[in-house]
Every structure is written in C-alpha cells, then in structure tokens.
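Participant: Mind having a look at this structure? Questions to follow.
The values are calculated or read from the model by the stated rules, or taken from the named source; none is laboratory data. Small disclaimer: the values here were computed from a predicted structure and weren't measured. Note that we place each Cβ from the backbone using ideal geometry, even for glycine, and neighbour counts take in every protein chain shown. Accessible surface is based on the protein model in full, side chains and every heavy atom, while ligands, DNA and RNA are left aside. Shrake-Rupley method; radii C 1.70, N 1.55, O 1.52, S 1.80 Å.
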Amino acid sequence: MSAAVRTITTTPFDDQRVGTAGLRKKVRVFQQTHYLENFVQAVFDTHPGFEGSTLVVGGDGRYHNDTAIQTILAMAAANGVAKIIVGKGGILSTPAASHLIRKYDAHGGFILSASHNPAGPDGDFGIKFSIHGGGQASSALTDAIYARSQEIDRYRLLDAAPVPLDDVGAATLGDMTVDVIDSTEDYADLMESLFDFDAIRALLASDFRFAFDAMHAVTGPYATRLFVERLGASPDSVRNAEPLPDFGGGHPDPNLVYAADLADEAINQQALDFAAASDGDGDRNMILGRGVFVSPGDSLAVIAANASTIPVYADGIPGAARSMPTSRALDAVAAQQGFDAYETPTGWKFFCNLLDAGRIAICGEESFGTGSDHVREKDGLWAVLAWLNLLAARRGESLAEILLAHWKTYGRHYYERHDYEDLSAEQADAVMQSLRAQLAELPGRTLNDLTITAADEFGYTDPIDGSSADGQGLRVIFGDAARIVLRKSGTGTSGATLRLYLEELRSDEWELRLPTHEVLGPLSAVADSLCQLREQTGRDKPSLVT
Ligand code: VG1
Ligand code: CO
C-alpha cells in the first residue's frame, strides 16, 4: 500500500454498543471527530478476513450519507480491502444491499441508515455491519466489536480525494477498486426471479387502482424500476419517488399515522384497490386495500398461508418465523397447514440462521417488516410484490375479501402496539420492573374474563448454533386467546421507549369485523394496570399507537 495511508491516534467512545439494528445515534454524535472512524476500525479489527476482500457499501440517502461513505471508502482502502461495490449516489436500500452481498459473494458490507427515524442535521444516523451472506452481524460479533471500541487507540485512513459516486463506473482508491453500480437492476432481476411478473403485469393493466408511496426515502428508484418499467404501472402510481436527504421533512415510517394521506385515500375514500408504502431504508412495508388496513401480523400470516401462489414456493414452505411480540396469526396458519413455526427475539438478525439452514422461508415482525429467504433483511418491496402476486393469483377477489376469508379460516388476531416514547431510562425500567416482579404470581389469575396461563421474560436459544439471548421482553399469556407483551426499544437515539403489544383472538364470524380499539380496549386497561404505566410514567396515553 502506498505511503498515503495514515494511522490516526484516537480515544474510545463509551456508547458504541449496537441496538436492535445497528448503531443509531443523532447525526451530531456521528459528526464528532473520530466517532464513525472508531466504530468502523473496530469492525475491521474484530471480524477477520477483510484483507483482499470485497465489501458492499451504501445507505438510505439521508443527511450525512455521502460524508460517511467517503470515510468508509478511505478506511477500507487503508485496511487492505480489494474492492468496494457502492450504490450510485451512495444509495442502497437495506434489502438491496443484502442482495448485493449475496450476489457478489462479498465478505460483508456497511449499510448506513437510521431506518424511518427523521433525517437532517438534527435528525438521526446509523450504521449496520453485515456479514458474508448478507445478514446483520450476530450479537456475539457486535459484542466483540463493542469490546474493541472500548480499547481502540488508532485507526487507518487513506489520504485521498473523495471518490465521485454520481455515475456508474469503476474508480480506484489506492490499491482498492470502487465499483459504482445501479443496484435497481440487480434488485429488479431478483424480484422477477421470485414472482409471477406476467400475472402482476396483467393485473396492473386492468382497471386495478394501485399506488406506492416511497415517502421521499430510498425505495423510489427501486419502485419506479419495478412497478413502472418492468410491470407497466403508470408513472404517477409511484409517489414521492425522489430520495431526499431530509425525506422531504417527512417521517418515512409506513403506518396509519405517518402515511395518513395514503391510508385515507385507500381506507376512507376507497379510491385505491391496493396501496403500499415503505420506510427510510426500504425494509418495512404497509399494506392497504380498498377500505382496509392489513395489520403486519396478518400480512405475514396471509402471505405464509398463500405461499404456494408464489412461484418459488409452489411446493410449499418448510417453516416460517415471527418475532416474539408479533401476533400469533402466523402460528394459527402453521398449525393448520403443518409447517414449522418459530418465535425469535425482536430484530431481523435472529431469523438469519433459520433462513440459512432452510428451516424457514418466510418471516416477519409486527413493526411492518416482512421478508423471505431471498435476502437476509426484511424487504418492503418484496412484501408489496407478494401481495400483488396474491391478488393476481386470486384475481376477482378484493384484498378485503381475501382478508375476511383468512380470518374465517384461522380466526382474527386483533393487534395493537402502544409506544411510550421519550421516557427517562428510570421510568422505563420502573415499568418493566413492576411487571417483572409480578410474573411469578400471575399464572392462574383471571382478568377481563381471561385466565393467565403463563407469564415470563422471553429468552431464546438459537436452534442452529445454540447461542442464547436473554431479557427479550415480558410476556403475559392468556392461552391462545390473548397476550400482553412489554419490552424496551433498542433503536431509539434519545431517552427510552417502551413498547406495549396487545393481541386478542376472535373466531366467531360476527366478531371478525369489529374496530380494533374496541376489541382491545379491555385488554389495554388490564395491561395498563398490570404494568402501572400511568403511575410510573405520568402519561395517560401512549405517544403512538400502530
Ligand atoms: C424496531 C422494531 C423491530 C425492528 C427494528 C429495526 O426495534 O420493533 O421489530 O427489527 O426496529 O427495524 P425496537 O428495538 O426499537 O423495537 V428498522 O426498519 O428500524 O431497521
Ligand atoms: Co427500516
């Protein structure tokens, strides 16, 4: 390597332990001298095999993306990486990055994103390290990276001008090759290999009213490539398609609160037959039909129940998985159809071993995340295509009819998540502790006419590598009938967020189309009093209900 490699002296930051999905902090934290560099060098120092390897780098296009990418390029070149594949303009959706790592057999990658968290100079930023195979680093690896970050005293950097990333092509940085690619082509090819594009094209060419909202985040170019160029949808069906560094001032979290206009058009005005939205980095999805919202747990269950309509799963799936707080709608399908169902801790990394081992083909989370074994991240556009594929396969049935038929077969798991944001760590811990302290005595008690059958703190042992994860949320289980789950968020950048998850199964036909808040009202009251939410937090309602 040339003389332009500099070794820079640094001191540790004490807060580089990653959360549910990478290291997420305020932009201003990442802008501190040495902050990003320390973390990246800790990865280079901890995970073996970077010398002579290929990496993938890109992000959701938010503020600070460009600067961070140039830093990573300069450090990779100085740490002996042979080649880096970067998305044009520095942009890669999270699932597209996972795909590139797999397709080009890369050693790993860095994905720059804080998902749906607001962007801009006062917003959030984040970095995730992905391993060979395209999955997020395991907890064991991130623990080791954290330990290294606590003793780091120097990092390496190549002194060179920034690499232009706006056009596709190859450049060099020291001895390293930088390949700038248009990842929308690779990604669209992958999607075309999974789904029945002819049938979807025919559906979109009919009088079917379709809209996708990219929310000025990363999915715009991918959605245009897929829906408009490959599937023939009208250009105006892809909305807010241009990624902006501040997401246009919006909050690209696809749910009924932050994608309210789209929801109003589909649900209240009934002006769309199918509508969907994705989040900042393209891994989440919201699914809407004419007059209906599909809750994420139902979306996962319906996709799994109809997996055989997806050409690659024509012969069925071996199994499916959901994160613990996600509704048990999936379990009901697995029980009837006879495939295996797994329950994992929150965070996509816990699905990866099951996917690699071929135990599961489809998985999802209540937080608007759904995906399959095609990549090792959740994938918003995959979920949208899975629904379009299903609507094309069952042409003539509306989305609402498909949903109702599903509930008639499996029952309906009414579901809500209540977020209490910006609490102090002490408040959040006090609520967790007041429920934790009661767990042992809860089984056998009857509340709201339902009897508690089990109450515990969820722990998980990975069936493939035997690794374990404790303290993954508190559960109060009322048999198959209902569940209350409480856990602390691991993605926030200020204060603490508590998530309370409520689920109740109704199976009689007259109960299948009730307003969700009406069904869950009594369970919500039970949860509030069990957790002493009001007493401990002083809040009389959640900050956000999804
Ligand atoms: C949240 C969600 C979790 C998801 C994670 C990353 O984590 O609850 O299901 O995997 O975000 O998604 P937490 O710890 O805040 O509850 V994303 O789209 O923000 O990368
Ligand atoms: Co995301």
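Participant: Determine the order of Glu457, Glu401, Glu377 by accessible area, beginning with the largest, at a probe radius of 1.4 Å.
Facilitator: Glu401, Glu457, Glu377
Participant: Let me know the charge dipole size of region 57-163 about its Cα centre in debye, to the nearest 20, where only the beta-carbon of Lys, Arg (+1) and Asp, Glu (-1) is charged.
Facilitator: Its charge dipole is roughly 380 debye.
Participant: If you fit an axis through the alpha-carbon atoms of helix 425-436 and take the longest principal axis of the Cα set of the chain, what angle between them do you get, 0 to 90°, nearest 10?
Facilitator: 40 degrees
Participant: What is the calculated FRET efficiency for Asp143 to Lys408, with r their C-beta to C-beta distance and R₀ = 41 Å, to the nearest 0.05?
Facilitator: Efficiency for this residue pair is about 0.30.
Participant: Taking every pair of alpha-carbon atoms in the chain, what share in percent sits in each 20 Å bin, from 0 to the bin with the longest distance?
Facilitator: All Cα pairs, binned at 20 Å, distribute as 22, 56, 21, 1 percent.
Participant: Straight-line reach from Lys103: which aspartates and glutamates have Cα under 17 Å away, leaving out those fewer than 8 places along the same chain?
Facilitator: Output for Lys103: Asp179, Asp182, Glu185, Asp186, Asp189, Glu192, Asp356, Asp373, Glu377, Asp379.
Participant: So, one more: With every protein chain left in place, what is the accessible area per residue of the chain in square angstrom, probe 1.4 Å?
Facilitator: Ligands and nucleic acids excluded, the result is 36 Å² per residue.
Participant: A follow-up question, please. Please give the contour-minus-distance gain from Glu509 to Asp207: 0.36 nm per residue of separation, less the Cα-Cα distance, rounded to one decimal in nm.
Facilitator: Extra length available between Glu509 and Asp207 comes to 105.6 nm.
Participant: Give the accessible area for Leu355 in Å² (nearest 10); use a 1.4 Å probe, count only protein heavy atoms, and leave out ligands, DNA and RNA.
Facilitator: 10 Å²
Participant: Given the options Thr461, Leu381, Ile181, identify the residue whose Cα lies farthest towards the positive end of the charge dipole of the chain (+1 on Cβ of Lys, Arg; -1 on Cβ of Asp, Glu).
Facilitator: Of the candidates, Thr461 comes out farthest on the positive side.
Participant: Right, something else. Taking only Cα atoms, what is the 0 to 90° angle, nearest 10, from helix 35-46's long axis to the longest principal axis of the chain?
Facilitator: So the helix axis and the longest Cα principal axis differ by about 90 degrees.
Participant: At 7 Å along Cα-to-Cβ for each site, give me the label-to-label distance between Asp540 and Glu229 in nm.
Facilitator: 5.4 nm
Participant: Turning to a different aspect of this structure: With a Förster radius of 25 Å, plug the Cβ-Cβ distance of Glu518 and Asp264 into 1/(1 + (r/R0)^6) and report the FRET value to the nearest 0.05.
Facilitator: About 0.75, to the nearest 0.05.
Participant: Averaging sequence separations of C-alpha pairs under 8 Å and six or more residues apart, then dividing by the length of the chain, give the relative contact order as a whole percent.
Facilitator: 13 percent
Participant: Rounded, prolate or oblate, given the Cα gyration tensor of region 1-68, with a/c below 1.5 counting as rounded?
Facilitator: rounded
Participant: Less than 24 Å apart at the alpha-carbon level, and either on another chain or at least 8 residues along: which lysines does that give for Lys25?
Facilitator: Lys128, Lys349, Lys378, Lys488
Participant: Now for a separate question. Compute the separation of the alpha-carbon centres of region 1-39 and region 110-169 and state it in Å as a whole number.
Facilitator: 8 Å
Participant: So how tilted is helix 399-410 from the main axis of the chain? Cα-based, degrees 0 to 90, rounded to 10.
Facilitator: For helix 399-410, the angle is close to 70 degrees.
Participant: What's the magnitude of the charge dipole for region 427-472 around its Cα centre, counting Lys and Arg as +1 and Asp and Glu as -1 at the beta-carbon? Answer in Debye, nearest 20.
Facilitator: 220 debye
Participant: Then there is this: Answer with one residue from Pro12, Ala263, Met324: the one whose Cα lies farthest towards the positive end of the charge dipole of the chain, charges on Cβ with Lys, Arg +1 and Asp, Glu -1.
Facilitator: Pro12
Participant: For region 184-241, state the semi-axes of the equivalent ellipsoid (square roots of 5 times the eigenvalues of the alpha-carbon gyration tensor), sorted largest first and rounded to whole angstrom.
Facilitator: 17, 16, 7
Participant: Report the antiparallel proportion of the DSSP beta bridges in region 197-351 as a percent, rounded to a multiple of 5.
Facilitator: Bridges in region 197-351 are about 40 percent antiparallel.
Participant: Between Ser434 and Val168, 0.36 nm times their residue separation minus their Cα-Cα distance comes to what?
Facilitator: Result for the pair: 90.2 nm of gain on full extension.
Participant: Report the dimensions of region 186-408 along its three principal axes from the alpha-carbon atoms, largest first, rounded to Å.
Facilitator: 41, 39, 34
Participant: Just to verify a number: FRET efficiency for Ala357 and Arg17, C-beta to C-beta distance, R0 = 41 Å, to 0.05?
Facilitator: 0.90
Participant: Of the DSSP beta bridges with both residues in the chain, give the percent that are antiparallel, rounding to the nearest 5.
Facilitator: 70 percent
Participant: Quick one: length gained pulling Asp480 to Ser308 fully straight, 0.36 nm per residue minus the C-alpha distance?
Facilitator: Working it through step by step, the gained length comes to 59.3 nm.
Participant: Shifting gears a bit: Rounded, prolate or oblate for region 290-395? Axes are the square roots of the Cα gyration tensor eigenvalues, ordered a ≥ b ≥ c, and the cut-off for rounded is a/c under 1.5.
Facilitator: rounded
Participant: Moving to a separate point now. Cut-off 20 Å, label point 7 angstrom out along Cα-to-Cβ of Gln31: give me the residues of region 479-505 whose amide nitrogen falls inside.
Facilitator: What the label zone holds, given the 20 Å backbone N cut-off, is 493-495.
Participant: Between region 355-414 and region 483-546, what is the separation of their alpha carbon centroids in Å?
Facilitator: 24 Å
Participant: If the only charges are +1 at each Lys and Arg Cβ and -1 at each Asp and Glu Cβ, what is the size of the charge dipole of the chain around the Cα centre, to the nearest 20 debye?
Facilitator: 320 debye
Participant: With a cut-off of at most 16 other beta carbons within 10 Å, and DSSP calling the residue loop, which GluC sites (Glu not before Pro) in region 130-233 qualify? Please list them.
Facilitator: Glu151
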